[in-house]
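S.K.: Got a structure here, written out as structure tokens. Questions coming.
The values are calculated or read from the model by the stated rules, or taken from the named source; none is laboratory data. Note that the structure is a prediction, hence the values are computed from the model and not measured. In this analysis, Cβ positions are derived from the backbone assuming ideal geometry, glycine residues included, and neighbour counts consider all displayed protein chains.
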Amino acid sequence: MKKTGAQILCESLVREGVEVIFGFPGGSVLPLYDTFPQYPKIRHILVRHEQGAAHAADSYARVTGKAGVCLATSGPGATNLVTGIANACLDSSPMVAITGQVARPFIGKDAFQEIDITGITLPITKHNYLVLDANDIARVVKEAFYIAQNGRPGPVLIDIPRDVFQQEATFTYPERVNLPGYKPTLFGHPAQIKKAAETINAAERPVIIAGRGVIISKAFAELKDLAEKAQIPVVTTLLGIGCFPETHVLSFGWLGMHGMAYANKAVYDSDVLIAIGMRFDDRATGVVSSFAPQARVVHIDIDPAEIGKNVRVDVPIVGDIKNILEVLNQQIVPCEHLDWFNQVDKWREEHPALVIRESEALLPQYVIRQIYEITKGDAIIVTGVGQNQMWSAQFFFYDKPNSLISSGGLGTMGFELPGAIGAKVGRPDDTVWCIAGDGGFQMTVQELATIVQENLAVKIAIINNGYLGMVRQWQQLFYGRRYVHTPLSGPDFVKIAEAYGIPALRVTDKKLVVSAIEKAMNHEGPFLVDFVVEPEENVFPIVPPGAALVEALEMPAPEKVTRSSK
Amino acid sequence: MTIARHILVALVEDRPGVLNRVSSLLRRRNFNIDSIAVGHTEQPNLSRMTIVVEGDDAKVEQVRKQLDKVVDVVKIVDITSNESVARELALVKVKATASSRSEIIQIVDIFRSNIVDVSSDSVMVEVTGDEEKVNSLLDLLRGFGIREIARTGRIALTRGGAGPLQVEESREVKVPKQAPKAASSEAESPPDW
Ligand SMILES: Cc1ncc(C[n+]2csc(CCOP(=O)(O)OP(=O)(O)O)c2C)c(N)n1
Ligand SMILES: [Mg+2]
């Protein structure tokens, strides 16, 4: 039986198990929207800006492990997706973005709302398609989901002209994909795995750096096995947080610009570095010339292009992490590395990065720690970008994968609110806290309406420091304290929330933090708390730009310290 | 680290936009393209690209791997160190008077090239060869006055054998419902090392 292109698209999405689309309508996708009522299995969530759709789909993908889908009309709708697509690309998040295009006869004529979105997104997608025939839709959707979700995940964009949505074609959903140019390597080369095992077995000061690849590959148990078998300290990247329980005795936090001093020191002093599912991003390595100078590097990743890109690698293994670790672990000789463990543990004592300085003031770190205490760590934290993000990563302890959702590679302010929407839609039974910067929150604040319309019980904490805080911190430390265009006047966030129909509270007193968080948690629906925090609080440690990891500036010594509850 | 010219040859899907995907990736990764040549191959739906870029080995290897990730690129190899034959073609329109014409023809003969068009005041020369040969001929012809030059990029084939771009028989990929449990490592396509 013949179906329209729009119906074929919906049928194909249903075949791919798509339950949710984050979208926003417009002229070129009207035939598709008109078809949605025939497919009640697909839930459409109307965002208030297409950037929100892309971030929500990205975040949904991270918490569910399956591709998130976003949808926009041609022209401005499509360009509004761009930031979110780039965000998904840099963080290897599986996403299928669908855009409408002007009808075929108008393509190339600078028609109303015509934009070359496949051209624009070429460098920020894993692959993209302009579909010029409804007969191709099913194959393209099949391929798009395959590419987005297999190998190193990433966004795929499908651009469909309006008249192709209306064109009739026969629908058959292909069982296979035929992509000779796309065959990710899934199993590590046995000789390489053997070499890695020998290297690890000979190590005296081994360190594991675990990245988001471990989460994507769902290799938590295998990672834990490896670490425990040879008693290897585990350090994660920012996006790897949660792939190894942070309360585990072998967990030594995360490395990088704002990572824990002891994590950075352990990496620096290691003689064997086992890098798993991470890509040696410059924010993680500091200056590469002095990154782990004595270490032999074992690098396990599914993307061959990451091997040797930034850091010299001695033993590369390309393939899926779970598969590789399963084989590798069998060849690991049980071992204690007791001296090394004690050394790293001593650094942890000497550099207590997770201590909150004693103060009567309302400190942002204290807010994050209280959210941790009250949720007992059982929550998904979705952050903005900047200081709020770093404090969220530092002062909350993540024991479960995908419990911290954050924009890493692109560092996109405004990710927090739509990101929290995606997380809540993907994991409706989990507590979701959006930790927002007062700057970033204002970039996508309109999504409060989406939260209300969809009745999503997202809890929002604004870390309101009255500044573009992270930039202000750089100005303070590296630009002679000249705060050029970083003081930020915000609206009354409580009134804003109430105007959207979300109950809200303002907290200016440290003593009221706990009750405010409890109130938010006890309320059934969405709730916002505006935490007016110490304005000039800084994130420590910080590795100055151009410095080595071990040259981090740490918190100026406090007179008295309260030991963390960890 | 020595900067050298590298010849990359790629088998690509014969689809619109492929050249754009390849060239834009090279630009983004900060590579200057000396030349790109594209043409059909013995296999239907596949084209062959010959890309000449400059860079040190590590950088070129990095960009080769990035290009290999482009879905429309089926296979790409660096044949710089292989025994290969490389050729390019140039068409040159040279000013020619009644008195200079025979001298031009002589030079063209020595280079085993052809005169493909003659008009009252010019001749058109067709030359094929490696870059050096084409350059030398152009240098000699320059003295007569060159009106126009059209040059192709380089194309190259390795000597003997099936060639490095041979792809496996089966082009079908079955989508696994579930990743196979046991590591049948040898059966998988071997990685680059
Ligand atoms: C879209 C975007 N624009 C600019 C930046 C640069 N930037 C990084 S952090 C930051 C400050 C963020 O301010 P806020 O959201 O209030 O968070 P805070 O650092 O104060 O917690 C800025 C401007 C960015 N990361 N993203
Ligand atoms: Mg701020």
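S.K.: Would you confirm whether or not segment A:399-409 contains a residue that is within 16 Å of ligand 2 (Cβ to nearest atom) and either on the phi < 0 side of the Ramachandran plot or modelled with pLDDT under 95 (or both)?
M.R.: Yes: one or more hits.
S.K.: With the condition kept exactly as written, say whether any residue in segment A:235-249 is free of Cβ contacts under 8 Å to residues at least 24 places away in the same chain and assigned to a loop (DSSP other than H, G, I, E, B).
M.R.: Yes, segment A:235-249 contains at least one residue that is free of Cβ contacts under 8 Å to residues at least 24 places away in the same chain and assigned to a loop (DSSP other than H, G, I, E, B).
S.K.: Going through segment A:190-206 one residue at a time, which ones are more than 9 Å from chain B (Cβ to nearest Cβ) and either buried (at least 19 other Cβ atoms within 10 Å of the Cβ) or polar (S, T, N, Q) (or both)?
M.R.: Correct list: A:Ala196, A:Ala197, A:Thr199, A:Ile200, A:Asn201, A:Ala203, A:Arg205, A:Pro206.
S.K.: Right, A:Ala97: touching a strand residue (DSSP E or B) at 6+ places or on another chain (Cβ under 6 Å) and assigned to a helix (DSSP H, G or I) or not?
M.R.: no
S.K.: Among the residues of segment A:402-417, write down those that are within 13 Å of ligand 1 (Cβ to nearest atom) and not aliphatic (A, V, I, L, M).
M.R.: In the first step, residues of segment A:402-417 are kept if they are within 13 Å of ligand 1 (Cβ to nearest atom); the result is A:406-417.
Correct list: A:Ser406, A:Ser407, A:Gly408, A:Gly409, A:Gly411, A:Thr412, A:Gly414, A:Phe415, A:Glu416.
S.K.: Answer with yes or no whether A:Val313 is touching a helix residue (DSSP H, G or I) at 6+ places or on another chain (Cβ under 6 Å) and either more than 16 Å from ligand 2 (Cβ to nearest atom) or outside any helix (DSSP H, G or I) (or both).
M.R.: No.
S.K.: Would you say A:Leu226 is closer than 21 Å to A:Tyr372 by Cα and either surrounded by 24 or more Cβ atoms within 10 Å (Cβ to Cβ) or modelled with pLDDT of 95 or more (or both)?
M.R.: The answer is no for A:Leu226.
S.K.: Also, I was wondering about something else. Within segment A:414-444, can you find the residues that are among the hydrophobic types (A, V, I, L, M, F, W, C), within 16 Å of ligand 2 (Cβ to nearest atom) and either within 16 Å of A:Phe531 (Cβ to Cβ) or surrounded by 24 or more Cβ atoms within 10 Å (Cβ to Cβ) (or both)?
M.R.: A:Phe415, A:Leu417, A:Cys434, A:Ile435, A:Ala436, A:Phe441
S.K.: Considering only segment A:497-539, how many residues are without any contact (Cβ under 8 Å) to a residue 24 or more places away in the chain and aliphatic (A, V, I, L, M)?
M.R.: Qualifying residue count for the region: 3.
S.K.: I'm checking my understanding of the structure. Among residues of segment A:418-474 that are more than 14 Å from A:Phe22 (Cβ to Cβ), of a type in the set (Asp, Glu) and touching a residue at least 40 places away in the same chain (Cβ under 8 Å), which one is nearest to ligand 1 (Cβ to nearest atom)?
M.R.: Per the criteria, the residue is A:Asp438.
S.K.: Quick one: count up the residues across segment A:475-529 that are buried (at least 17 other Cβ atoms within 10 Å of the Cβ), charged (D, E, K, R) and touching a Leu at 6+ places or on another chain (Cβ under 8 Å).
M.R.: The number of residues fulfilling the criteria is 1.
S.K.: Restricting segment A:445-481 to residues that are away from ligand 2 (no atom under 13 Å from the Cβ) and small (Gly, Ala, Ser), which is farthest from the other protein chains (Cβ to nearest Cβ)?
M.R.: By that ranking, first place goes to A:Ala449.
S.K.: Can I ask one more? Looking at A:Gly151, A:Gly108, A:Gly100, A:Gly119, can you tell me which residue is at positive phi, under 29 Å from the mean Cα position of the chain (by Cα) and not aromatic (Phe, Trp, Tyr)?
M.R.: A:Gly151
Residues checked against (1) in a strand (DSSP E or B); (2) not assigned by TED's automatic domain parsing to the domain that holds B:Lys133:
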{"site": "B:Pro16", "(1), (2)": "no, yes"}
{"site": "B:Asn20", "(1), (2)": "no, yes"}
{"site": "B:Asn30", "(1), (2)": "no, yes"}
{"site": "B:Pro44", "(1), (2)": "no, yes"}
{"site": "B:Val74", "(1), (2)": "yes, yes"}
{"site": "B:Ala90", "(1), (2)": "yes, no"}
{"site": "B:Ala98", "(1), (2)": "no, no"}
{"site": "B:Ile104", "(1), (2)": "no, no"}
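S.K.: If you don't mind, another one. Out of all the residues in segment A:319-338, which are assigned to a helix (DSSP H, G or I) and either surrounded by 17 or more Cβ atoms within 10 Å (Cβ to Cβ) or touching a residue at least 60 places away in the same chain (Cβ under 8 Å) (or both)?
M.R.: A:Ile321, A:Lys322, A:Asn323, A:Ile324, A:Leu325, A:Glu326, A:Val327, A:Leu328, A:Asn329, A:Leu338
S.K.: Are any residues in segment A:140-163 in contact with a strand residue (DSSP E or B) (Cβ under 8 Å, 6 or more places away or on another chain) and in a helix (DSSP H, G or I), and if so, which ones?
M.R.: A:Val140, A:Val141, A:Lys142, A:Glu143, A:Ala144, A:Phe145, A:Tyr146, A:Ile147, A:Ala148, A:Arg162
S.K.: Against the condition more than 30 Å from B:Ser81 (Cα to Cα) and not assigned by TED's automatic domain parsing to the domain that holds B:Gln43, how does B:Ser136 come out, does it pass?
M.R.: It is false that B:Ser136 is more than 30 Å from B:Ser81 (Cα to Cα) and not assigned by TED's automatic domain parsing to the domain that holds B:Gln43.
S.K.: Could you please let me know if A:Phe187 is assigned to a loop (DSSP other than H, G, I, E, B), in contact with a Gly (Cβ under 8 Å, 6 or more places away or on another chain) and buried (at least 22 other Cβ atoms within 10 Å of the Cβ)?
M.R.: Yes; evaluated as a whole, the condition is true for this residue.
Conditions tested, residue by residue: (1) more than 13 Å from the chain's Cα centre (by Cα); (2) more than 9 Å from every other protein chain (Cβ to nearest Cβ); (3) within 23 Å of A:Ala305 (Cα to Cα); (4) surrounded by 21 or more Cβ atoms within 10 Å (Cβ to Cβ).
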{"residue": "B:Gly55", "(1), (2), (3), (4)": "yes, yes, yes, no"}
{"residue": "B:Gln62", "(1), (2), (3), (4)": "yes, no, yes, no"}
{"residue": "B:Asp68", "(1), (2), (3), (4)": "yes, no, yes, no"}
{"residue": "B:Val77", "(1), (2), (3), (4)": "no, yes, yes, no"}
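S.K.: Which of the numbered conditions does A:Leu362 fail, given that it passes all the others? Conditions: (1) buried (at least 21 other Cβ atoms within 10 Å of the Cβ); (2) under 24 Å from A:Ala520 (Cα atoms); (3) within 16 Å of ligand 1 (Cβ to nearest atom).
M.R.: (1)
S.K.: Then there's this: Within segment A:175-183, does at least one residue satisfy the condition of being crowded, with 24+ Cβ neighbours inside 10 Å and either out of contact with any Ser or Thr (no Cβ under 9 Å at 6 or more places or on another chain) or at the interface with chain B (Cβ under 9 Å from one of its Cβ atoms) (or both)?
M.R.: Checked against the condition, which is being crowded, with 24+ Cβ neighbours inside 10 Å and either out of contact with any Ser or Thr (no Cβ under 9 Å at 6 or more places or on another chain) or at the interface with chain B (Cβ under 9 Å from one of its Cβ atoms) (or both), segment A:175-183 yields no hits at all.
S.K.: Going through B:Arg64, B:Arg142, B:Arg48 one at a time, which residue ends up being farther than 19 Å from B:Val22 by Cα and either of a type in the set (D, E, K, R) or in contact with an Asp or Glu (Cβ under 9 Å, 6 or more places away or on another chain) (or both)? Can you show your working first?
M.R.: Values: B:Arg64 fails: farther than 19 Å from B:Val22 by Cα; B:Arg48 fails: farther than 19 Å from B:Val22 by Cα.
Result of the check over B:Arg64, B:Arg142, B:Arg48: B:Arg142.
S.K.: Looking at (1) surrounded by fewer than 21 Cβ atoms within 10 Å (Cβ to Cβ); (2) in contact with a Leu (Cβ under 8 Å, 6 or more places away or on another chain), which is the one condition that is false for A:Gly211?
M.R.: (1)
S.K.: How many residues are within 16 Å of the chain's Cα centre (by Cα), within 13 Å of chain A (Cβ to nearest Cβ) and either in contact (Cβ under 8 Å) with a residue 24 or more places away in the chain or surrounded by fewer than 14 Cβ atoms within 10 Å (Cβ to Cβ) (or both) when one looks only at segment B:22-40? Spell out the reasoning first.
M.R.: The first filter runs over segment B:22-40 and keeps only residues within 16 Å of the chain's Cα centre (by Cα), leaving B:22-23, B:26, B:31-40.
Restricting the remaining residues to those that are within 13 Å of chain A (Cβ to nearest Cβ) gives B:22-23, B:26.
Restricting the remaining residues to those that are either in contact (Cβ under 8 Å) with a residue 24 or more places away in the chain or surrounded by fewer than 14 Cβ atoms within 10 Å (Cβ to Cβ) (or both) gives B:22, B:26.
The number of residues fulfilling the criteria is 2.
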